[in-house]
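*Asks:* I have a structure here, written as structure tokens, and I will follow up with some questions on it.
Every number in this text was worked out from the coordinates using simple rules, so none of it is lab data. Since this is a predicted model, take the numbers as computed values, not measurements. Reconstructed Cβ throughout: ideal geometry from the backbone, glycine too, with neighbour counts over all protein chains shown.
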Amino acid sequence: MLQSLRPLLTKILNPLARNLNINPNIVTVISPFVAVLATYGFANKLLIVGCLAILLSGFLDVVDGAVARYHNRTSKFGAFLDSTMDRFADAIIYIGIIFGGYCDWFVGVLAIHSAICVSYVRARAESQGVDCNIGIAERAVRMIILMVGALIGYFIGDIYFTYVIYILVILSYFTVGQRILHVWRQLNE
């Protein structure tokens, strides 16, 4: 869904990547630790802290790829590490939301499960040779919705943040369905 922004993002990030001649895996590993700050914020009802930490974690998640591409350091391990750290960050953020009481534990577990399933379906599809970068709620979209929800919760009321989490669960499972259908079509052509 946000793939159309990639050329613009590349244009913006290339100057930064040029000046960050470091191992991109270091940036990849830092990102989930910033997500822990989001967890702390949500667990302690500091929605703005949670929102800003997700933003920073997401920024680092984009920067690692930009650095890898700019300095020609892309690798299969780097892609694997990036995906693994993203799953860690997703889960830890939702754990903070659960501890903060923004959703019932069961809904929080569904949020974690649905987020992981979206990525798992893509990974399995690609292991079968099917490009599966489709769906209404890919990770970047989910993180943007979560940040907007946290801001709405901060300014209008916690209950609206809770509603956003319910919506995210639905959108995530819908994306899983979209991806499964896409793979089924591709493999049965």
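*Asks:* Arranged by the count of other C-beta atoms within 10 angstrom, fewest first, what order do Ile95, Ile12 take?
*Replies:* Placing the least packed residue first, the sequence is Ile12, Ile95.
*Asks:* Nearest 0.05, what FRET efficiency do Asn133 and Tyr163 give at R0 = 35 Å with Cβ-Cβ as r?
*Replies:* Plugging the Cβ-Cβ distance into 1/(1 + (r/R0)^6) gives 0.80.
*Asks:* I'd like to know how the chain sits against the 2.2 N^0.38 Å rule of thumb: what's its Cα Rg over that expected value?
*Replies:* Taking N as the residue count of the chain, the ratio is 1.04.
*Asks:* Please state the charge dipole magnitude for the chain, taken about the Cα centre, from unit charges on C-beta atoms (+1 on K and R, -1 on D and E), reported in debye and rounded to the nearest 20.
*Replies:* About 400 debye.
*Asks:* Next up: Anything in the chain that counts as a DSSP H helix reaching 30 Å or more along its axis (C-alpha) with Kyte-Doolittle mean of at least 0.5? List them, would you?
*Replies:* Taking the DSSP H segments of the chain (at least 30 Å long, mean hydropathy at least 0.5), we get 47-70, 76-99, 105-127, 158-187.
*Asks:* At 0.36 nm per residue, and after removing the present C-alpha to C-alpha distance, how many nm does the segment from Glu189 to Asn72 gain when stretched out fully?
*Replies:* Contour length minus the Cα-Cα distance gives 38.6 nm.
*Asks:* A further question on this structure: Rounded to the nearest 500, what is the 222 nm mean residue ellipticity of the chain from helices alone, with -39500 (n - 2.57) per DSSP H run of 4+ residues and division by all residues?
*Replies:* -28000 deg cm²/dmol
*Asks:* With just the Cα atoms of the range 1-82, tell me how far they stretch along each of the three principal axes, in Å, largest first.
*Replies:* Principal-axis extents of the Cα atoms in the range 1-82, largest first: 41, 26, 25 Å.
*Asks:* For the chain, build the charge dipole from Cβ charges (+1 Lys, Arg; -1 Asp, Glu) around the Cα centre, then report which of Gly41, Leu181, Ile156 sits farthest towards its positive end.
*Replies:* Leu181
*Asks:* Follow-up. I want the local charge near Tyr102. Using Cβ-Cβ distances under 12 Å, sum +1 for each Lys or Arg and -1 for each Asp or Glu among the other residues.
*Replies:* Once positives and negatives cancel, what remains is -1.
*Asks:* Given contacts defined as C-alpha pairs under 8 Å and at least six residues apart, what's the relative contact order of the chain, whole-number percent? Please report the intermediate quantities before stating the final value.
*Replies:* Working: 235 pairs, mean separation 46.5, N = 189.
It rounds to 25 percent for the chain.
*Asks:* Further question: When the chain is fully extended, how far beyond the present Cα-Cα distance does Cys117 get from Ile48, taking 0.36 nm per residue of separation?
*Replies:* 22.1 nm
*Asks:* Further, regarding this structure: Around Ala35, under 10 Å between beta carbons, what's the net of Lys plus Arg minus Asp minus Glu among the other residues?
*Replies:* -3
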